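Chemist: Pasting in a structure now, in C-alpha cells, and then I'll have a few things to ask.
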Amino acid sequence: MQFTLYIETSNLEETNLFIDDFISNAMRHNVAMSVEDIEKYRKIDEMYILSLVVNQDSLNNVNKFLCMIASKWLEFPDEYLASKMLEDCEVYIKNLNMIIAHR
C-alpha cells in the first residue's frame, strides 16, 4: 500500500518535520512506513507531494490509522481519498490538504 500526501508547507525543512510527525503518529498505530519520494507541487505554491510506502507487516492496521487522519473517506476501486475540499470531511492532521491511500 502507498500513501500520497499533499501537504501545505513552504520549504523542505517544514516538509521533513511534517514527515517525521506523520510517521511517528503512524508508528503509534502500529503502521510502519518509509518515504519513497518528496517533490514540490508545481501547480500550487507552498505545497509538497509525499509518497510513503506502508510496510507489508502493517497492512492489517492501516484502516484504524486512516480513521485517525480524517473523518470521511471516498472509496474508489483501488484507493481511498480524504481532502479538506471534500464536503463534511475534517482532516485531523495540521497542514495535510489531501491524502490518497492506494491499495
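Chemist: State whether one or more residues within region 25-37 are touching a Ser or Thr at 6+ places or on another chain (Cβ under 8 Å), over 16 Å from Arg103 (Cβ atoms) and among the hydroxyl-bearing types (Ser, Thr, Tyr).
Modeler: No, that holds for no residue.
Chemist: For region 42-66, give me each residue that is of a type outside the set (Val, Ile, Thr), under 16 Å from Met98 (Cα atoms), out of contact with any helix residue (DSSP H, G or I) (no Cβ under 7 Å at 6 or more places or on another chain) and modelled with pLDDT of 95 or more.
Modeler: Scanning region 42-66 gives Met47, Ser51, Leu52, Leu66.
Chemist: Scan region 12-29 and tell me whether some residue there is touching an Asp or Glu at 6+ places or on another chain (Cβ under 7 Å), modelled with pLDDT of 95 or more and of a type outside the set (Phe, Trp, Tyr).
Modeler: no
The values are calculated or read from the model by the stated rules, or taken from the named source; none is laboratory data. Just so it is clear, the model here is predicted, and its values are computed rather than measured. Note: ideal-geometry Cβ built from the backbone for every residue, glycine included; neighbour counts use all protein chains shown.
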